[in-house]
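Peer 1: If you scroll down you'll find the structure; I have some questions about it.
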Amino acid sequence: MPVTVAVGTHWGDEGKAKVVDFLTEKNDIVVRFQGGANAGHTVIAGGETWIFHQIPAGILHPGKVCVVGNGVVLDPLAFLEELDHVRGRGVEVEGRLWISDRAHLVMPYHKQLEGIQEAARGTGAIGTTRRGIGPTYYDKVSREHGLRAGDLLDPTGFRTRLRKIVADKNEVFTRVYGAEPVNADAVAEEYLGYAEQMRPFIADTAAILHKAQNAGKGILCEGAQGTLLDIDHGTYPFVTSSNTSAGGACTGTGIGPTAISEVIGIVKAYTSRVGNGPFPTEFECEMGNRMRDLWNEYGATTRRPRRCGWLDGVILEYSARINGLTGLAVTALDRLDVLSELRICREYVLDGKRLHTVPARTEDFDRVKAVYDTLPGWQTETTSARCFEELPENARRYIRRIEEIAGVPVRYVGIGPERDQMIVLRPQTV
Ligand code: IMO
Ligand code: MG
């Protein structure tokens, strides 16, 4: 009963969906375990581009089962739009897409509240995707104001609970923020309309996964965001509101930790970040702008320009530990083809002291100086290489350096967006 977890090693947008799409072939079920429509997972297949926000990227493989786990916060409207979109493009979803009845629902007031709160934070804004993620997890943890996918199946109960919740929310909207109150009945009507369309997909997904485990099926857990956006292990408070690291795959699905056999860390050959917060290896402004345009580093969810920088090896090492990585998938290696020289951050210096870990406090992380190793570039196109030996020597050296820093073997190397642009060094072992 192999279970593989795929997680981002940095701040998201590492090319997770390309790797998940690739690994789906060898698995039977793909399950999202945290986050929500803040994710933008891009798969390019046969020249066609697909961007997934809530549906697992595995849906493109006919016959594979896809699960939205209990750890996800689900936006029903965004989900139904995404569903329509994939169906419209010929993807069959009946009988192979399931939503956990325990997944919490993103409500309109979550998105409204997030907009108000981000504006109120001024220069201290997190730079969220404004998909209502933070306020939804907040209500989940409060144990008072959360609504779950399973609640949609009982319209009377849903209406009653929503009225009470909205009464409390309206106190905050009107008294704290001086904003317009929310109309509970209008929200109830809207959501109960979605409920009818969602009913066939809502299930006890942990039970589905356990049955699959017993039958020896392969399960792939698809992470969203990245380790440095983890609510516990990331650059708090400039993080998302879920456990994006491998531990989240257990709590967000109901799969026990002893069942996990592989944890693949997805690391982009350079680093990017969208949203605010520290970023020690960020390029200087001019180079940052140039590389962003060359690499088309604009958010798949919000189209915001992404901040770009050199590969941060300290974070990679940290991620290897936090996630218990067993393998790495390096993505977008080809994007470095143009550079004559490359840098990898090997350590930080803070107040004259050398650091090999991520400091807990933003105030400290903001002040660290990145210390780099410089490696020669290869200035040769790598996009048509199909095995490791076909990569230029300096590209192979770069990959070996990544392995050394992480202390984890590189299994896969992405050298372009298409499905066949993936070099397999060591395949999945179980
Ligand atoms: P994928 O899965 C990159 C960032 C936001 C912000 C912070 C909090 O495509 O890699 P949130 O809306 O989650 O409360 O925002 O997290 N963020 C991401 N950055 N990739 C993502 O997802 C992200 N999802 C959230 O920009 O800094
Ligand atoms: Mg993305």
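The values are calculated or read from the model by the stated rules, or taken from the named source; none is laboratory data. The model shown is predicted, which means the values in this text are computed figures rather than measured ones. For neighbour counting, all protein chains shown are included, and Cβ atoms are generated from backbone atoms with ideal geometry for every residue, glycine included.
Peer 1: Only one of these is of a type in the set (Ser, Thr, Tyr), more than 16 Å from ligand 2 (Cβ to nearest atom) and within 30 Å of residue 366 (Cα to Cα): 123, 129. Name it.
Peer 2: After applying the criteria, what remains is 123.
Peer 1: Next up: For residues in region 7-32 being within 12 Å of ligand 1 (Cβ to nearest atom) and over 18 Å from residue 51 (Cβ atoms), which is surrounded by the most Cβ atoms within 10 Å (Cβ to Cβ)?
Peer 2: 9
Peer 1: Looking at the structure I just gave you, is residue 127 touching a Lys or Arg at 6+ places or on another chain (Cβ under 6 Å) and at pLDDT 95 or above?
Peer 2: no
Peer 1: Okay, moving on. Tell me which of these residue 188 doesn't satisfy, since it passes every other one: (1) away from ligand 1 (no atom under 16 Å from the Cβ); (2) part of a loop (DSSP other than H, G, I, E, B).
Peer 2: Failed condition: (2).
Peer 1: How about region 383-399: which of its residues are exposed (fewer than 13 other Cβ atoms within 10 Å of the Cβ) and part of a helix (DSSP H, G or I)?
Peer 2: 389, 393
Here is a yes/no grid of residues against (1) farther than 19 Å from residue 35 by Cβ; (2) outside any loop (DSSP other than H, G, I, E, B); (3) more than 16 Å from ligand 1 (Cβ to nearest atom); (4) without any contact (Cβ under 8 Å) to a residue 60 or more places away in the chain:
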position: 118; (1), (2), (3), (4): no, yes, no, yes
position: 129; (1), (2), (3), (4): no, no, no, no
position: 134; (1), (2), (3), (4): no, yes, no, no
position: 139; (1), (2), (3), (4): no, yes, no, yes
position: 162; (1), (2), (3), (4): yes, yes, yes, yes
position: 170; (1), (2), (3), (4): yes, yes, yes, yes
position: 194; (1), (2), (3), (4): yes, yes, yes, no
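Peer 1: Tell me which residues, restricted to region 285-321, are in a strand (DSSP E or B) and of a type outside the set (Gly, Ala, Ser).
Peer 2: 298, 305, 307, 308, 311, 312
Peer 1: Output the residues belonging to region 186-234 that are of a type in the set (Ser, Thr, Tyr) and outside the structural domain of residue 156 (by TED's automatic domain parsing).
Peer 2: If the condition is that a residue be of a type in the set (Ser, Thr, Tyr) and outside the structural domain of residue 156 (by TED's automatic domain parsing), then 205, 227 are the ones that fit.
Peer 1: So, one more: With (1) in a loop (DSSP other than H, G, I, E, B); (2) at pLDDT below 95 as the list, and residue 90 as the residue in question, which single condition is left unmet?
Peer 2: Residue 90 satisfies every listed condition except (2).
Peer 1: Here's a check for you: in region 271-284, which residue that is in a loop (DSSP other than H, G, I, E, B) and either more than 19 Å from the chain's Cα centre (by Cα) or of a type in the set (Gly, Ala, Ser) (or both) is farthest from ligand 2 (Cβ to nearest atom)?
Peer 2: Only one residue tops the list, namely 284.
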